[in-house]
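Peer 1: Could you have a look at this structure, given as structure tokens, before my questions?
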Amino acid sequence: MAAPLFDRLAIIGIGLIGSSVARAAREQGVARHIAIADALEAHRNEATELKLGDSVHADAAEAVKDADLVMLCVPLGANAAVAAHIGPHLKAGAIVSDVGSCKQAVIRDVAPRLPQGVHLVPGHPVAGTEHSGPKAGFASLFRNRWCILTPEAHTDAGAVEKVKAFWTAFGSRVEAMDPRHHDLVLAITSHVPHLIAYNIVGTADDLETVTQSEVIKYSAGGFRDFTRIAASDPTMWRDVFLNNREAVLEMLGRFTEDLIALQRAIRWGEGDTLFDLFTRTRAIRRAIIDAGQETAAPDFGRAAAEKDTSA
Ligand code: NAP
């Protein structure tokens, strides 16, 4: 095990991602002291029982005192208030990073609330599951997954390198990206797919001609995989759509056009159009498996406890 990268790591929000960071940080010995803060007493108690950190705090300001790295792991909608609260308590030279699924919103909400001399290095581990809370996390969540960092041009290079080393220690592959580009890429790879899943499950739930018991009984026909995604945390996903509005609307516009073209192909019996698209999409799945981002195992390998949805 290498020497710790940080003396004190503060994790604000000990849910699925925060508790996975805590577990991986402990396992890899990246920090001498792990301080945890969460707004919910039940989560603080779970964090204590699970021994996720060295200290557990109700007040995030106490957790970040003397911290070298502060990792914000709260829903996107809570970032501004948390940053405003901890800002005055950060030490000079501290690094503030995060795990939020949208990056322009994090820069908008957090950067103006940090004092001079504190470095903001926004990040997004492209790894997750449909579960929430401290018990849902696991140390290997980030292994072989991408972590995208979106520092601004003026960000201190040393701070970026340290955050990169942090995620690399967890087995992640790290890439830097412009925050706007990140939000566009994730809109089509993650956010719109989640919206489609929420929508299709909602539509099935509203149907009057097909009963709920039939929907559940015959769910293996594709619907089941959508229900897994549609079981994702409502707070987190509400905040994703509120904070990546423009990119999601842009991608939804394209998606809607393509859907209408498919609708037309079905109406006019254009089998070749359907067949060509389905052949192209099959190749994309093969490419994802070849890139090691998914398994070809039956059930998508999701029988295992670790269910990665790469949010
Ligand atoms: P989660 O399991 O719900 O955890 C969030 C934790 O933060 C909860 O314990 C929550 O408590 C706490 N919290 C909320 N507001 C707070 C505040 N003001 N101060 C302190 N703690 C607060 O959610 P998650 O899935 O870990 O998501 C956290 C972040 O990770 C989000 O920004 C999300 O975009 C990002 N992310 C998620 C995934 C994924 O697949 N889940 C993947 C990549 C990135 P309450 O329960 O009381 O609200």
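The values are calculated or read from the model by the stated rules, or taken from the named source; none is laboratory data. Bear in mind the structure is a predicted one, so any value in this text is a computation, not a measurement. Methodologically, a virtual Cβ is constructed for each residue, glycine included, from the backbone with ideal geometry; neighbour enumeration extends over all protein chains shown. These area figures cover heavy atoms from the full protein model, side chains too; ligands, DNA and RNA do not enter into them. Shrake-Rupley method; radii C 1.70, N 1.55, O 1.52, S 1.80 Å.
Peer 1: So for each of 8-19, 252-263 I average, over its residues, the number of other beta carbons within 10 Å; can you give me the resulting order with the highest mean first?
Peer 2: In descending order of packing, they fall as 8-19, 252-263.
Peer 1: OK, next. 5 Å is the cut-off here: which amide hydrogens, built 1.01 Å from N in the peptide plane, fall below it relative to Val118, excluding neighbours closer than 5 in sequence?
Peer 2: Those qualifying (amide H under 5 Å, at least 5 residues apart or on another chain) are Gly93.
Peer 1: Also: Per the Debye formula with a single identical scatterer at each Cα and no solvent contribution, what log10 I(q)/I(0) holds for the range 17-97 at q = 0.16 Å⁻¹?
Peer 2: -0.57
Peer 1: Rg (Å, one decimal) plus Dmax (Å, integer) for the alpha carbons of the chain?
Peer 2: 20.9, 67
Peer 1: Which percent of Cα pairs goes in each bin when the distances of the range 123-208 are cut into 10 angstrom slices starting at zero?
Peer 2: Taking all Cα pairs of the range 123-208, the binned fractions are 15, 35, 32, 13, 5, 1 percent.
Peer 1: Could the peptides 99-106, 131-138 be put in order, highest first, of the mean number of other beta-carbon atoms found within 10 Å of their residues? Before the final figure, lay out each step's value.
Peer 2: On the way: 99-106: 25.5, 131-138: 19.6.
The peptides rank, most packed first, as 99-106, 131-138.
Peer 1: Going down the list Lys91/Lys135; Lys135/Lys164; Lys91/Lys164, which pairs span over 29 Å between their C-alpha atoms? If you can, show how the numbers build up before the last one.
Peer 2: Details: Lys91/Lys135 31 Å; Lys135/Lys164 26 Å; Lys91/Lys164 21 Å.
Beyond 29 Å: Lys91/Lys135.
Peer 1: Still on this structure: Below 8 Å between Cα atoms, with a sequence gap of 6+, how large is the relative contact order for the chain in percent?
Peer 2: The value is 17 percent.
Peer 1: Just subtract the alpha-carbon distance of Arg143 and Thr211 from 0.36 nm times their residue separation and send over the number in nm, one decimal. Working shown, then result.
Peer 2: Details: separation 68, 0.36 × 68 = 24.48 nm, distance 4.12 nm.
My answer for the length gained is 20.4 nm.
Peer 1: With an 8 Å Cα cut-off and a minimum separation of 6 or more residues, compute the relative contact order for the range 116-262 in percent.
Peer 2: Relative contact order, the range 116-262: 24 percent.
Peer 1: Considering the range 6-178, what Rg and Dmax in Å follow from its alpha-carbon atoms?
Peer 2: So, for the range 6-178, Rg and Dmax equal 14.2, 42 Å respectively.
Peer 1: Additional query: Distance in nm between label sites at Ala81 and Arg180, each 7 Å beyond Cα in the beta-carbon direction?
Peer 2: That separation, rounded to one decimal, is 3.1 nm.
Peer 1: Scattering from the C-alpha atoms of the range 181-290 alone, worked out with Debye: what is log10 I(q)/I(0) at q = 0.16 1/Å?
Peer 2: The calculated log intensity ratios at q = 0.16 Å⁻¹ are -0.99.
Peer 1: Over all directions, average the projected area of the Cα convex hull of the range 83-122 and note it in nm².
Peer 2: 2.5 nm²
Peer 1: Count neighbours as other Cβ atoms within 10 Å of each site's Cβ, and list the GluC sites (Glu not before Pro) in the range 146-253 that are DSSP loop with at most 11 such neighbours.
Peer 2: Loop-located and lightly packed - Glu208.
Peer 1: Moving to a separate point now. Could you compute how much accessible surface Ile95 exposes when probed at 1.4 Å, giving the result in Å² to the nearest 10?
Peer 2: For Ile95, the solvent-accessible surface is approximately 10 Å².
Peer 1: Assuming 0.36 nm per residue, please report the length gained on full extension of the stretch Ala261 to Glu62 beyond their Cα-Cα distance.
Peer 2: 66.1 nm
Peer 1: So which DSSP H runs in the chain come out at 15 Å plus along the axis (Cα) with average Kyte-Doolittle of at least -1.0?
Peer 2: 16-28, 157-169, 192-206, 245-267, 271-290
Peer 1: Further question: If each DSSP helix of 4+ residues adds -39,500 (n - 2.57) and the sum is divided by the residues in the chain, what number results at 222 nm, nearest 500 deg cm²/dmol?
Peer 2: Result for the chain, helices only: -14000 deg cm²/dmol.
Peer 1: Here's a follow-up. Could you work out how far the C-alpha centroid of the range 12-45 sits from that of the range 171-238, in angstrom?
Peer 2: Centre-to-centre (Cα) distance: 27 Å.
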